[in-house]
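Okay, so here's the structure we're looking at.
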C-alpha cells in the first residue's frame with residue numbers, strides 16, 4: 001500500500017514538473033519559422049536540443065490549427081504517444097517532400113499514420129496510407145500496452161474521426177512473410193519505423209525498409225536519439241538502446257542523415 005501511494009505521488013510530482021518545464025519552454029524566445037527552414041536542418045544534428053525547442057515553440061505558436069487539434073485528440077485518453085514537436089517535424093517533411101507512398105511500421109492507434117493522411121488530404125492529394133502492426137497488446141523489452149483496446153478497430157475509428165481515406169492496414173508483425181512482402185511490394189516515398197524496439201527486430205526492419213525506399217526517399221527512425229548529442233528537456237525523451245544502435249550503424253554511403261527532432265532521426269536515401 002505504501003509503495004503504491006509513493007508511486008502515485010511521484011507520478012503527480014513528475015507531471016507537475018513536466019508541466020512547469022513545458023510552460024518555461026513556451027515562454028522562451030518567440031517561434032521563428034526561419035530557424036526551421038531546410039537550410040537550417042543541419043543545425044538539428046549539431047544542436048538537436050535547440051532545434052527541438054524551436055519545433056516545440058512553433059507547435060504552440062504557429063502550426064496550423066487542424067494539426068494542433070489532431071495532436072490534442074491523440075493526447076486525450078492516451079490515444080497516442082509522441083511529443084508536440086514531432087507534429088512539426090512531419091509538417092516540415094511533408095512541406096519539403098510531399099510524399100505520397102507512405103508506410104508506417106508499428107501503428108499503435110494511428111496517430112502518425114492519420115497525421116500523414118491529414119497532411120495529404122489538406123494538400124489536395126489524399127492517398128491510402130499503409131501501416132503494418134500486430135494490432136494487439138504485444139510489446140517488447142521496453143514497451144507495454146493496454147490489453148483491453150481493440151487496436152485495429154480503434155485505428156479505423158480514429159481515421160473516421162478526421163474524415164480521412166481508409167488506410168491499408170496489414171495485421172502482422174513486421175518480420176512476418178506477409179509484412180515483408182508488403183514492404184518489398186513497391187518503392188516507398190517515406191517509411192516510418194516505430195515497431196519493436198529490440199535491436200534484433202529494429203535492425204531487420206531497417207534492412208527491409210532501406211531496400212524498399214526509393215532513391216531520394218526518407219526513412220524516419222523513432223526512439224533513436226541515444227547515440228547523438230541530443231539532451232532532451234525534462235518533458236521529452238531521448239530514445240531506446242535498440243533503435244539508437246540501428247541508427248548508429250546506418251550505412252552513410254547509402255543514406256544521409258538530414259534532420260533530427262528529438263529522438264526522431266530522418267535519413268534520406270542517396271540518388272543512384
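Key figures for this structure:
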{"item": "Estimated distance in nm for a label pair at residue 47 and residue 122, the labels positioned 7 Å out from Cα along Cα-to-Cβ", "result": "2.7 nm"}
{"item": "At 1.002 mPa s and 20 °C, Stokes diffusion of segment 96-148 via Kirkwood alpha-carbon radius, µm² per second", "result": "172 µm²/s"}
{"item": "Three-way shape call for segment 89-226 based on the alpha-carbon gyration tensor, with the a/c threshold at 1.5", "result": "oblate"}
{"item": "Mean-position separation - Cα centroids, segment 201-225 and segment 106-121, in angstrom", "result": "18 Å"}
{"item": "Within a Gaussian network of the chain (alpha carbon springs, distance under 10 Å), most fluctuating of 71, 15, 211", "result": "15"}
{"item": "Segment 1-132 - Kirkwood radius from inverse mean 1/r over Cα pairs (Å)", "result": "16.6 Å"}
{"item": "Antiparallel bridge percentage (DSSP; both residues within the chain; nearest 5)", "result": "40 percent"}
{"item": "Gain upon complete extension [residue 75, residue 23; 0.36 nm per residue less C-alpha separation]", "result": "17.0 nm"}
{"item": "Rounded D (µm²/s) - the chain, Kirkwood Rh over Cα pairs, Stokes-Einstein at 37 °C, 0.692 mPa s", "result": "172 µm²/s"}
{"item": "Distance (nanometres) between label positions extended 7 Å along Cα→Cβ at residue 14 and residue 154", "result": "1.9 nm"}
{"item": "Segment 12-269: relative contact order as a whole-number percent, Cα under 8 Å and 6+ apart", "result": "19 percent"}
{"item": "FRET efficiency, 1/(1 + (r/R0)^6) with R0 25 Å, evaluated for residue 231 and residue 252 via beta carbons", "result": "0.60"}
{"item": "Choice from 183, 170, 132 with maximal GNM fluctuation in the chain (Cα, 10 Å cutoff)", "result": "170"}
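We did not get these values from a lab; they are worked out from the coordinates using the rules stated. No experiment lies behind these values; they were computed from the predicted model shown. Positions of Cβ are generated from backbone atoms using ideal geometry, with glycine treated the same way; all protein chains shown enter the neighbour counts.
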